[in-house]
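The values are calculated or read from the model by the stated rules, or taken from the named source; none is laboratory data. Everything quoted here is computed from the prediction, not taken from an experiment. Methodologically, a virtual Cβ is constructed for each residue, glycine included, from the backbone with ideal geometry; neighbour enumeration extends over all protein chains shown. Just the protein is used for accessible areas: all its heavy atoms, side chains included, with ligands, DNA and RNA removed. Shrake-Rupley method; radii C 1.70, N 1.55, O 1.52, S 1.80 Å.
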Amino acid sequence: MTIHNFNAGPAALPASVLQRVREELLDYRGRGMSILEMSHRSKEYEAVNADAEARFKRLAGVGDGWRALFLQGGASLQFAMAPLNLVPPGGHADIVITGAWGEKAHEEASRARASRIAASMKDTGYRRVPRRDEVRVSPGASYVHLTTNETIHGVQWHDLPDLGGVPIVADMSSDIFCRPCGFSRFTLVYAGAQKNLGPSGVTVVLLREEALARETGDVPVILRYSTHLKNSSLYNTPPAFAVYVLGLVLEWIEESGGLPAMQAANQAKAALLYDAIDGSGGFYQGHAEKEARSIMNVTFRLPGAEREEAFLKEAAKEGMIGLAGHRSVGGCRASIYNAVPLASVQALASLMRDFARRG
Ligand SMILES: *Cc1c(COP(=O)(O)O)cnc(C)c1O
């Protein structure tokens, strides 16, 4: 049976990338051993690391003065690392909270330094992003933190606000490279790879070097961006295999036509599911307000838990997995990242229409 993988993360990888990994797994490019067994100080791995950084920067459209780091600890570590490095002791960050991940970013920033809420959409049930006039940047904020796509609630920014020159830090874990997005207006962007970039175990941090002018003598060496910059992500043993697969996924994105092609495919996939929701006469209720609907995580409810359970069961029978909503919010969620094929989304949309007709 064909499996249609709608997992939220770790998530689907491009089939061609998995095939390439299989081909190269036992004998990495004629070296007689696996990339899994190689030293991270070898020429081979240094090339993997450098190539992945170059591809990442090329796709992001950033040049000199920018670096991409490959770190461990997940996006969750960045909730603490960003404030430790960018906020001086006694300073604070401003956080825009658009869902569960924004809440976490705020909590960790409060622990690491201090954190103020520039806007919170909690009262709306996390159904939309704030309007510009709802974002209050506080005097002296070292930066404003945004979550460009709230993976659990299925809420995504489509027009990033002009915040008047204050540096912007963004958690892009679940929508990085789903579309062109003007990376140069950010100061620092991070993303766990396991949604849109590759396997779990590596987190990409894209940053402007000039953002690191601050003295970080109070920060443990392993948690300083400057440490990893100086060592080009090879300060200590990196997640070598994950970085290798990430590089293959970036190559796949480039060969598929880059970010504009990703965007077109993602918009077409998302439209299929939102059309199924909107055309169901109210049987399916989308969670996000229309203007904030995510093209990565489509969240919706059926009339009642029983129906939801029956729907998920039928879907599983058709090979569609990963459709249960996050345990904290329930309902259904289809994660349709870059690597999820159109055919999988077509199959789901067709099941949704059929299921709604039968009531
Ligand atoms: C998955 C996710 C995280 C957490 O990532 P980890 O790599 O598990 O730490 C943080 N932010 C967003 C937006 C996510 O989707």
Mind putting a number on the dipole of segment 96-196 about its Cα centre? Charges go on the C-beta only, +1 for Lys and Arg and -1 for Asp and Glu, and I need it in Debye to the nearest 20.
60
Taking N as the number of residues in the chain, the ratio of its alpha carbon radius of gyration to 2.2 N^0.38 Å works out to 1.01
For segment 79-231, report the accessible area per residue in Å² (1.4 Å probe, heavy atoms, rounded to an integer).
36
Is the shape of segment 1-63 best called rounded, prolate or oblate, per the rule: a/c under 1.5 gives rounded, else a/b larger than b/c gives prolate, else oblate, with a ≥ b ≥ c the square roots of the Cα gyration tensor eigenvalues?
oblate
Which of rounded, prolate, oblate describes segment 33-106, given a ≥ b ≥ c as roots of the alpha-carbon gyration tensor eigenvalues and a/c under 1.5 marking rounded, otherwise prolate only if a/b is larger than b/c?
prolate
Share of segment 1-71's accessible area from carbon and sulfur, percent, 1.4 Å?
51
Electrostatic dipole magnitude of segment 131-186 [Cβ: Lys, Arg +1; Asp, Glu -1; Cα centre; debye, to 20]:
120
With a ≥ b ≥ c taken as the square roots of the eigenvalues of the C-alpha gyration tensor of segment 92-200, please select rounded if a/c is under 1.5 and otherwise prolate if a/b is larger than b/c or oblate if it is not?
rounded
Result for segment 244-359: accessible area per residue, probe 1.4 angstrom, in square angstrom, of 43
Within 10 Å, count the other beta carbons around each residue, average over each peptide in 273-281, 253-261, and list them highest first.
273-281, 253-261
To the nearest 20 Debye, how big is the dipole of segment 1-109 about its Cα centre, given +1 on the beta carbon of each Lys and Arg and -1 on that of each Asp and Glu?
320
Roughly speaking, what is the centre-to-centre gap between segment 289-323 and segment 53-107 when only Cα atoms are used, to the nearest Å?
31
Cross-link reach from Lys122 to lysines, straight Cα distance under 26 Å and at least 8 residues apart if same chain, gives Lys104, Lys195, Lys290
Summarise the accessible area of segment 160-233 (1.4 Å probe, protein heavy atoms) by the percent that is carbon and sulfur.
49
Given springs between every Cα pair under 10 Å in a Gaussian network model of the chain, which of Ile95, Ile295, Ile222 has the largest fluctuation?
Ile222
Leaving out ligands, DNA and RNA, and with a 1.4 Å probe, what % of the accessible surface on segment 90-140 is carbon or sulfur?
48
